[in-house]
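The values are calculated or read from the model by the stated rules, or taken from the named source; none is laboratory data. Just so it is clear, the structure is predicted and the values come from calculations on it, not from any experiment. Neighbour counts run over all protein chains shown; Cβ positions are idealised from the backbone, glycine included. What goes into the accessible areas is simple: the full protein's heavy atoms, side chains included, and nothing from ligands, DNA or RNA. Shrake-Rupley method; radii C 1.70, N 1.55, O 1.52, S 1.80 Å.
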Amino acid sequence: MSTLLAPPEHTGGLQRNLKKRHLLMMSLGGTIGTGLFIGIAEPLYRVGPVGTLLAYLFAGSVMLATMMCLGELSCAFPHSGSFQHYALKLLPHPLWSYTIGWLYWLSWVFSLAADLTAAGFIAHHAFPSLPVHILSLIILATLTLINLASAKSFGECEYWLSAIKVFAIVLFIGAGGMMIYSLMQHTGWQPTLNSESAWLPADRWQILICMTIVIYSFQGVELVGNAAGETASPQTILPKVILGIGLRIILFYGLAIGVLALVYPLHQAPNGQSPFVWVFSHVGLPGADVLMTLVIFSAAVSAANSAIYASSRLLWSMAGDRFAPASFNNVSANGVPVRAILLTAALALVSMLSRYIPAQRFYLYLIASTGQVGCLAWITIGWCQYRFRQAVNRGRYPRSLLRYTSPLFPWTAWLVIIANTAIVIGTWFSERGALMLLIETLLMLLIIASWFCFRPDLKSNG
C-alpha cells in the first residue's frame, strides 16, 4: 500500500511563529543535555577516554548524516509530525508509520521522565527537605504551563535554556584548557591517556555496546523536523541550520571529551557526579562546580521542555493521520494541541517512581531504553529519504521539491540505516540487553496488535 501521492501539507491549526533563532538554538542546544553532562560517566568508565571519544565522534557523524536526510524531507514537506508523517507518505505500508509513531511517542514520554528525574535529583541537593519526586512534579507542572501558552513560549524558553548549555560547554572547554596548561608545567604530570589500557578497552565490543547511551546524547536533533512545521519559511532556514549545527555539535562534543580524556581519572566508576562538575571543582575557579551543577539542571529542564513539545506534536500528527483519537488533533486559539500536551504530561508522572527506585539507577535505565527507539527513528529518517529521492528520480514527485539536497545519495541514507541497526543489535549484548530486547519486542508486538484491533475505529475518526 503506497501513499506516495498524498495531499498537500497543512498546519492543521498550528501557527508558524517559531523564528530562525529559535530553530538555530533549539537544534544546537537540543543535543547538549543530560546525556552528555551526566550520561558520559558510564562510557568513560566502560571504554575509557579514547573509546569514548571514538564513540561520540562516530555517533556525531551518524547524527550529521541523519540531519541531512531529515533536512531534505523537511524542506520538501514541512510538517510538525516530522518523520512519522513522512513514513506514512513514503514507506510501503502505513503500519510502519503507526508503529514507529507510537514507539517514538512513548520514548519521548520516558525521556521526559528521565530528564525530570535528573532535574529533580539535582534540585534535591539544593533543597534536601523536598524529595526528588516532588521536585520533579513541580518542574513538570511549570513546563506544561509554558507549552500550553504557545509554541512561541516554548521557543523562547528553549532558546535561553539552550544558550546556557552552549555557554557552559564553551566555558568548560576554556577552563579545561587552562587546567591542562597548568598541569603541563609540572614535570610529574601524566595525562590520563598516557597508559596502555586507556587507549581502547580490552573488549572492543564494549564500544558498540555503549553506543546506546552515547547515541542518546545526540538524540533530540530530529526535533528540528517537528519545529519546521511551525517555522516561517522553513525551506530558507533549514539548509542554513543543518550543516553548521551538525559540525558545531561534533566540535563541542569532541573538544569537551578531549578535555576529559586528558584529565579525568581513569576507570572512575559513575557515582552520580558529573565528570564536568569534577573538572570544574579541580580547576581552581571559586564556585565553578556549583555553577556547573546549575547548568546541568538547566540542561535537564531544557530536555524535558523539548520532550513535551516533541511528544505533543507527534500525538497531534498521529491524530491527523487517524492513528490516534481525533480529539488530539484539536488545537487551542493559541495554536497548541492542548489535549496532546496534557496526556503527555500525565504519563510522564512515571518519574514519580523515583520515590521507590534510586534516582541515579532509574535515570540510567530510562535513557538506555529510550536510546533504542531513537535509533529506530533515525533508521526511519534514512529510509524515508532514500524512498523520497528514488520517487523523485522516477518522476513520482517533481524535482522542484528538492529545495535542499542531502549529499552522497544513497550512501548518506545507508550510513544512517546500517550504523543504527548495528548499534541496536550491539546493545542486545550489554548487561541489560536481553531484558531490553524482551521489553522492546513485547511493546512492538503490542502496538502492532493494536493496529489490527483498532484500525477500523481509527479510520472512522475525524
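Data overview
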quantity: Selection from segment 119-140 of residues that are crowded, with 19+ Cβ neighbours inside 10 Å and not hydroxyl-bearing (Ser, Thr, Tyr); calculated: 119, 120, 121, 122, 123, 124, 132, 133, 135, 139, 140
quantity: Test: residue 139 is touching a residue at least 24 places away in the same chain (Cβ under 8 Å) and within 24 Å of residue 274 (Cα to Cα); calculated: yes
quantity: Set 431, 440: member being outside any helix (DSSP H, G or I) and modelled with pLDDT under 80; calculated: 431
quantity: Breaking point among (1) modelled with pLDDT of 80 or more; (2) farther than 30 Å from residue 286 by Cα; (3) not hydrophobic (A, V, I, L, M, F, W, C), for residue 204; calculated: (1)
quantity: Close pairs (8 angstrom Cβ cut-off, 6 or more residues apart or separate chains): closer than 12 Å to residue 420 by Cα in segment 377-402, open to solvent by 40 Å² or more (accessible area, probe 1.4 Å) anywhere; calculated: 379/421; 380/96; 382/414; 382/415
quantity: Residue among 48, 30 that is among the small types (Gly, Ala, Ser), at pLDDT 75 or above and crowded, with 24+ Cβ neighbours inside 10 Å; calculated: 48
quantity: Selection within segment 331-343 - more than 22 Å from the chain's Cα centre (by Cα) and modelled with pLDDT under 85; calculated: 331, 332, 333, 334, 335
quantity: Residue list for segment 86-97, filter: open to solvent by 10 Å² or more (accessible area, probe 1.4 Å) and more than 16 Å from residue 378 (Cβ to Cβ); calculated: 88, 92, 93, 95
quantity: From 259, 290, 301, residue being open to solvent by 50 Å² or more (accessible area, probe 1.4 Å), at pLDDT 70 or above and in a helix (DSSP H, G or I); calculated: 290
quantity: From 323, 328, 388, 362, residue being assigned to a helix (DSSP H, G or I), open to solvent by less than 20 Å² (accessible area, probe 1.4 Å) and at pLDDT 85 or above; calculated: 388
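Matching residues to (1) open to solvent by less than 10 Å² (accessible area, probe 1.4 Å); (2) modelled with pLDDT under 70; (3) not in a helix (DSSP H, G or I):
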| residue | (1), (2), (3) |
| --- | --- |
| 216 | no, yes, no |
| 227 | yes, yes, no |
| 238 | yes, no, no |
| 243 | no, yes, no |
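Every residue, every condition in (1) within 30 Å of residue 49 (Cβ to Cβ); (2) assigned to a helix (DSSP H, G or I); (3) open to solvent by 20 Å² or more (accessible area, probe 1.4 Å), yes or no:
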position: 117; (1), (2), (3): yes, yes, no
position: 142; (1), (2), (3): no, yes, yes
position: 145; (1), (2), (3): no, yes, yes
position: 152; (1), (2), (3): no, yes, yes
position: 159; (1), (2), (3): no, yes, yes
position: 163; (1), (2), (3): yes, yes, yes
position: 174; (1), (2), (3): yes, yes, yes
position: 189; (1), (2), (3): yes, no, yes
